[in-house]
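The values are calculated or read from the model by the stated rules, or taken from the named source; none is laboratory data. On a predicted model such as this, the values are computed, not experimentally measured, just so you know. Because the Cβ atoms are built from the backbone with ideal geometry, glycine has one as well, and the counts that use them run over all protein chains shown. These accessible areas exclude ligands, DNA and RNA; they are computed on the full protein's heavy atoms, side chains included. Shrake-Rupley method; radii C 1.70, N 1.55, O 1.52, S 1.80 Å.
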Amino acid sequence: MVELKNVSVTYSSGVDALNNVSLKINDGDFAFVVGSSGAGKSTMIKLLLKEIDATSGVVTVNGYNLNKLKKRKIPEFRRTLGFVFQDFRLIPSMTVYENIAFVLRVIDAPIKYIRKRVPYVISLVGLHAKTNSYPDELSGGEKQRVAIARALVNDPQLIIADEPTGNIDPELSYEIVELLKGINDQGTTILMVTHEHDLVRHFGGRIINITEGEIVFDEVIAGTGDEL
Ligand code: ADP
Ligand code: ADP
């Protein structure tokens, strides 16, 4: 669960990036976060990852009160999250398999588990045939599938996707959201930041609009299913 209670963030420059924001995202939810450039979306994500702290208010993510979270507990907390970046951030010298297995190796997961879990998440994202390919050999959509598999491999409670379709073709954007929806159906909470209105209208669901640091809209809407 993600909960922001009366959260404000003021940068040292004096900019109020978030202004008294309250928000609750329950386990198993799928929510789109929309808003124009400069609205405060990245600031909210940085708060949820504990890259920055709230100036006031309370931030709780996956049972961790981030205001009180000790520095040495941050890695343990971050392992409850998966993160998908707009620019994929795959390691170019590693194959698809190695990029994903790496996440489990750094936490010393048992080799037997890695050998089972990695092929499983690769098949979940439909990339079995690319298991031994390098990122350079993949399309944008395929790279993002690898990134999603990597976010998923540690079985996180919550996946935060920051403009995951920002660098891929519109037709493939649709598939990426379908994939995230499928993962959500298995119980993983998903928060997807996007400014692609067509995509949001097509799928519908919970839409949270941040404008000038405030939540101006937070409702569930029906998807149109329109062609993109
Ligand atoms: P979005 O992700 O919606 O584009 P941001 O959260 O990046 O919005 O920015 C919200 C506001 O905070 C903007 O006015 C932006 O210029 C400002 N801002 C963002 N990061 C910083 C920073 N590190 N220092 C000062 N101001 C910042
Ligand atoms: P098992 O190892 O018991 O055969 P699986 O290989 O099916 O189980 O799954 C391994 C782990 O992956 C389990 O913890 C399961 O909860 C998790 N899992 C299965 N499907 C998904 C999914 N779509 N998204 C996230 N985690 C999943």
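A few comments on the model shown:
- Reported count of residues in the range 20-37, each being exposed (fewer than 15 other Cβ atoms within 10 Å of the Cβ) and outside any loop (DSSP other than H, G, I, E, B), is 2.
- Meets criteria (more than 18 Å from the chain's Cα centre (by Cα) and open to solvent by less than 20 Å² (accessible area, probe 1.4 Å)) for GLY213: yes
- Each residue in the range 44-74 was checked for being among the charged types (D, E, K, R) and outside any helix (DSSP H, G or I), and 5 of them qualify.
- Every residue from the range 40-80 that is closer than 21 Å to GLY166 by Cα and hydrophobic (A, V, I, L, M, F, W, C): MET44, ILE45, LEU48, LEU49
- Any hit, the range 162-173, residues being within 15 Å of ligand 2 (Cβ to nearest atom) and either more than 17 Å from PRO92 (Cα to Cα) or not in a helix (DSSP H, G or I) (or both): no
- Hits in the range 111-136 - residues which are away from ligand 2 (no atom under 12 Å from the Cβ), open to solvent by less than 100 Å² (accessible area, probe 1.4 Å) and not in a helix (DSSP H, G or I): GLY126, LEU127, THR131, SER133, TYR134
- For the range 181-199, the set of residues classified as open to solvent by 10 Å² or more (accessible area, probe 1.4 Å) and within 16 Å of ligand 1 (Cβ to nearest atom) consists of HIS195, GLU196, HIS197, listed by residue number.
- For first residues located in the range 124-149 and more than 17 Å from MET192 (Cα to Cα), partners that are modelled with pLDDT under 95 and assigned to a loop (DSSP other than H, G, I, E, B) and lie 6+ apart or on another chain with Cβ distances below 6 Å form the pairs GLY140/ASN167; GLY140/ILE168.
- When the range 162-177 is limited to residues that are closer than 22 Å to MET44 by Cα and open to solvent by 20 Å² or more (accessible area, probe 1.4 Å), the one that is nearest to the chain's Cα centre (by Cα) turns out to be ASP162.
- Summed over the range 75-100, the residues that are surrounded by 15 or more Cβ atoms within 10 Å (Cβ to Cβ), part of a helix (DSSP H, G or I) and within 19 Å of the chain's Cα centre (by Cα) give a count of 4.
One line per residue, one yes/no per condition, for (1) farther than 22 Å from ASN26 by Cα; (2) among the small types (Gly, Ala, Ser); (3) away from ligand 1 (no atom under 16 Å from the Cβ); (4) at pLDDT below 95:
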| site | (1), (2), (3), (4) |
| --- | --- |
| ALA161 | no, yes, no, no |
| HIS202 | yes, no, yes, yes |
| ALA222 | no, yes, yes, yes |
| GLY225 | yes, yes, yes, yes |
